[in-house]
1. Quick check on my filter: what residues within region 89-121 are more than 16 Å from ligand 1 (Cβ to nearest atom) and assigned to a strand (DSSP E or B)?
2. Just give me the residues in region 28-51 being open to solvent by 50 Å² or more (accessible area, probe 1.4 Å), within 16 Å of ligand 1 (Cβ to nearest atom) and either of a type in the set (Lys, Arg) or in a helix (DSSP H, G or I) (or both), in sequence order.
3. Looking only at region 20-71, count how many residues are within 13 Å of the chain's Cα centre (by Cα) and of a type in the set (Val, Ile, Thr).
4. Checking the structure you have, find out if any residue of region 113-129 is within 13 Å of residue 7 (Cβ to Cβ), within 16 Å of the chain's Cα centre (by Cα) and within 16 Å of ligand 2 (Cβ to nearest atom).
5. Test residue 95 against the stated conditions and say whether it is under 24 Å from residue 32 (Cα atoms), surrounded by fewer than 20 Cβ atoms within 10 Å (Cβ to Cβ) and either within 16 Å of ligand 2 (Cβ to nearest atom) or free of Cβ contacts under 8 Å to residues at least 24 places away in the same chain (or both).
6. Considering only region 151-177, how many residues are in contact with a helix residue (DSSP H, G or I) (Cβ under 9 Å, 6 or more places away or on another chain) and in a helix (DSSP H, G or I)?
7. Which of the residues belonging to region 144-168 are near ligand 1 (Cβ under 10 Å from one of its atoms) and free of Cβ contacts under 8 Å to residues at least 24 places away in the same chain?
8. Sort out which residues of region 130-173 are more than 14 Å from ligand 2 (Cβ to nearest atom), open to solvent by less than 60 Å² (accessible area, probe 1.4 Å) and within 18 Å of residue 95 (Cβ to Cβ), and write them in order of number.
Amino acid sequence: MSKDGLVIVYTGNGKGKTTAALGMALRAIGYEHKVCMLQFIKGSWHYGEMDSSKKLEPYLELIAIGKGFVGILDDNSPREEHEKYAAEALKICSEKILSEEYNIVILDEVNYAINLGLIDVKEIVKLINEKPIALDLVLTGNHAKEEIIELADLVTEMKEIKHPFKSGIKAKKGIDF
Ligand code: ATP
Ligand code: MG
C-alpha cells in the first residue's frame with residue numbers, strides 16, 4: 001500500500017460534500033486513524049458532527065475556525081475583522097496539517113473562504129505542497145479553484161439532480177445538519 005497521502009476535493013452544487021468527508025473519517029476511525037476536521041463556518045447553524053466528534057474522541061477532532069465568517073454577507077463587522085479571523089484560521093490549518101498528529105485533515109468549506117476572498121488560494125496551494133507525505137488532505141466546498149483541482153489526486157463534483165429543499169422540504173436534523 002502506498003504511504004503517500006492523497007489530496008481529495010469534494011465540490012459541486014449538490015448535497016454531500018461535507019458528509020462525504022465525514023463518511024471517510026468514519027471509515028478511517030475504524031482503523032484507529034486520527035482525523036482532524038477544520039470547519040470554516042458559513043452560518044450560525046449547529047451541525048450534528050460538532051457533537052459526534054466528542055463521541056469519537058480521541059480519533060476525531062473537530063474545530064470550528066473562522067467564526068468571523070458567520071454572517072459575513074450581512075453583518076456590519078469591518079472587513080479587517082474578517083481578515084483577522086481568516087489569518088488565524090489559516091494559522092490553525094497550517095499547524096494541524098504540519099503537526100504529523102493526524103492521518104486525515106479535512107478543511108471543510110475552505111473553498112467558500114477562498115471564494116469570499118478571505119483566504120488566498122495561493123496559501124492553500126502552499127499548504128498542499130508542504131503537507132506531510134503520508135497525510136490525506138480533504139478540501140470541501142463548491143467552486144473549487146482550478147489551482148487546487150490541478151494538485152488534487154481525487155476530485156468529485158457533487159451534482160444536484162434533485163434536492164428536497166426545492167420542493168419546500170425543510171432541512172432535516174441528522175441529514176442536513
Ligand atoms: P452536506 O453537509 O449535507 O454534505 P454539502 O457539504 O454538500 O452538504 P454545503 O454547501 O456545505 O453542502 O451546504 C450545507 C447545507 O446546505 C446542508 O444543510 C445541506 O443539506 C444543504 N444543501 C446542500 N446542497 C444543497 C442544495 N443543492 N440545495 C439546497 N440545500 C443544499
Ligand atoms: Mg459542506
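The values are calculated or read from the model by the stated rules, or taken from the named source; none is laboratory data. Predicted, not measured: the structure shown is a model, and the values here were computed from it. Glycine also receives a Cβ, built like all others from the backbone with ideal geometry; neighbour counts cover every protein chain displayed. Just so you know, the surface numbers come from the protein's heavy atoms only, side chains and all, with ligands and any DNA or RNA stripped out. Shrake-Rupley method; radii C 1.70, N 1.55, O 1.52, S 1.80 Å.
1. Matches in region 89-121: 104, 105.
2. Matches in region 28-51: 42, 51.
3. Of the residues in that region, 4 qualify.
4. The answer is no; no qualifying residue exists.
5. In short, yes.
6. Final tally of qualifying residues: 1.
7. Once the filter is applied, which keeps residues that are near ligand 1 (Cβ under 10 Å from one of its atoms) and free of Cβ contacts under 8 Å to residues at least 24 places away in the same chain, region 144-168 yields 162, 164, 165, 166.
8. Hits for region 130-173 are 131, 132, 134, 135, 136, 137.
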